[in-house]
Amino acid sequence: MSIRNAKDYIQSIRNLNLNVYMFGEKIKSPVDHPIIIPSLNAVALTHDLALDPMYEDLMTTKSHLTGEKINFYNHIFQSTDDLVQKVKRQRMLGQKTACCFQRCVGQDGMNAVYSVAFEVDKKYKTNYFENIVKFVKYVQKEDIVVDGAMTDVKGDRGLSPSQQADPDLYLHVVERTENGIIVNGCKAHQTGICNSQEVLCMPTIAMKPEDKDYAISFAVPTNTPGITIIYGRQSCDTRKLEGSEIDVGNSMFGGQEGLVVFDHVFVPNERIFLDGETEFVIPLVERFSGHHRPSYACKCGVSDVLIGAAGLAADYNGVARASHVRDKLIEMTHLNETMFACALACSYEGVETPSGAYLIDLLLANVCKQNVTRFPYEISRLAEDLAGGIMVTQPSEKDLRSKEIGHYVKKYLKGVESVPTEHRMRIMRLIENLTLGTGAVGYRTESLHGAGSPQAQRIMIARLGNLEHKKRLAKVIAKIDADEAEPDKE
Ligand SMILES: Cc1cc2nc3c(=O)[nH]c(=O)nc-3n(C[C@H](O)[C@H](O)[C@H](O)COP(=O)(O)OP(=O)(O)OC[C@H]3O[C@@H](n4cnc5c(N)ncnc54)[C@H](O)[C@@H]3O)c2cc1C
């Protein structure tokens, strides 16, 4: 089996019997929990669409390792066309789910580890590349969902991993055996962790030789003994327990994050991809976040839904023809297409790494994500503007359906005569979901912090922007003698 259907996928997650806690209690069956189901649906869709002839161009490809047709989420990018396919797939899935569909972190992680492991082996004669190739082949054959786990909880951000008061604040090796390593620590904000069969861990910041035990990368099944998942709360999440479709805003799909504790987790040797080679941590972090930043083209798909919802809100409110309304929709589209253009640009400018895997253009990828940290906020502001205050003050679905007062809700929440009140209420709740509710986790805060906070991109832009080259260009045009004008050479 190389491409799994949604039913098989959900069964395989059910079989894992994961150790998940929510609201202080262990969940008996995560796949049946109403708060979790929408997030599972989103990942399930990435399986079903791969089997749909209409989407196979974006959702599948041929494995360069086995020659078999595979889900594109499990592919190692072999060309700039592959990088572009990823960006287009992300937008399409954002349009279909209006949420985070959770699979790109694992793909970006596998790609980063793949190219870095090749280079570590070349220097140290280790066998990490063989290990990651074996892992990727398994992931491709079984169509496995891989959680990409980079972000440690980090404790005091001003201290390095080995300087922390509690050594477990960064994932690290606590014991070595002949057959593997034992690790302790905790990864935060893990997208889709309960919907993944495997977790791929990577270090999160630059490390010095004294941080050797923290410079580790490996993959283990998510149900490995010692792993505990503590489910992340989202704004308005308990609305999913109320049985109301309208109040949830997006009742079909949703994102998911969790805190993942590793308490003496055993990692067999063949699943280790980095262990102590501290100088390779920076390339690993940079390549992962570089790949991951254009993955935020998913937000362009979610924006498409939000722009559509804002347009409908204007229609239903009877103001669609007002010039400022049309201009706001144009502005939202302009911002959205700018994000998409950047994601495409860094993919078209991708380059081959020594491993044969392709890497996006790092500068453009960081510019892309810097826009993503801002534009969804402005698009949200404009959507809220067009929706009007009723998006946050309207009564509940139960009030709409009430025998006693439902007629008041229907009568007084009506916009234009031709549109049923319920349609207006549904659109308002969708806008609320994407800007303030569970959907905002993926659309707003994930846009800000996911794949690194804004400052992380500014550091990369400063490093890759090559200001000195630009100064030299200016000197040539201004006819300044480069050597004479350099004060430190006088
Ligand atoms: C919805 C969502 C989904 C996510 N999914 C994943 C996932 O699937 N996998 C994964 O690995 N990660 C994931 N992340 C984590 C994401 O990469 C981090 O949120 C991001 O790297 C920022 O880390 P942090 O949240 O710990 O914030 P912090 O690092 O605490 O940052 C807070 C602020 O402090 C600043 N800061 C931090 N350290 C320093 C320092 N040393 N010096 C100066 N300033 C500093 C930052 O620039 C920022 O402004 C996700 C995050 C979100 C919000």
On Cα atoms only, tilt of 298-317 relative to the major axis of the chain in degrees: 10 degrees
Principal-axis tilt of helix 104-124 within the chain, Cα atoms, nearest 10 degrees: 0 degrees
Free-standing Cys, the chain [no other Cys Cβ under 4.7 Å]: 99, 100, 104, 186, 194, 201, 236, 298, 300, 346
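Pairs of alpha-carbon atoms within less than 8 angstrom and 6+ residues apart define the contacts here; what relative contact order does region 299-448 have, in percent?
Values: 158 pairs, mean separation 45.2, N = 150.
It rounds to 30 percent for region 299-448.
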Nonlocal amide H pairs with residue 76, under 5 Å, H built at 1.01 Å: 64
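Just how large is the dipole of the chain about the Cα centre, in debye to the nearest 20, putting +1 at every Lys and Arg Cβ and -1 at every Asp and Glu Cβ?
Numbers: 56 positive and 63 negative charges, 253 e Å.
Computed about the Cα centre, the dipole is about 1220 debye.
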Relative exposure of 89, 326, 271, judged by other C-beta atoms within 10 Å (fewest first): 326, 271, 89
Distance in nm between pseudo-label sites at residue 62 and residue 2 (7 Å out along the Cβ direction from Cα): 0.9 nm
Modelled FRET efficiency - R0 56 Å, residue 402 with residue 79, Cβ distances, 0.05 increments: 0.45
Student exercise, region 104-223 dipole from Lys, Arg, Asp, Glu Cβ charges, in Debye to nearest 20: 320 debye
Label-point separation, residue 348 to residue 269 (7 Å along Cα→Cβ), nm: 4.8 nm
Residues with amide H under 5 Å from that of residue 222, placed H, sequence gap 5 or more: 198, 199
Share, in percent, of DSSP beta bridges within region 6-278 that are antiparallel, nearest 5: 85 percent
Degrees separating the helix 467-478 axis from the principal Cα axis of the chain, which is the longest one: 90 degrees
Residues 222, 151 arranged by fewest to most Cβ contacts within 10 Å: 151, 222
Label-point separation, residue 341 to residue 410 (7 Å along Cα→Cβ), nm: 4.8 nm
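Return 471, 212 ranked ascending by Cβ neighbour count within 10 Å, so the fewest neighbours appear first.
Values: 471 14, 212 17.
In order of increasing Cβ crowding within 10 Å: 471, 212.
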Residue-averaged [θ]222 nm for the chain, counting only DSSP H segments that reach four residues, each worth -39500 (n - 2.57): -14500 deg cm²/dmol
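Taken together, the values in this text are just the output of simple stated rules run on the coordinates, not laboratory data. None of these values were measured; they are calculated from a predicted model. Don't worry about glycine lacking a Cβ; one is built from the backbone with ideal geometry, like all the others, and counts go over all protein chains shown.
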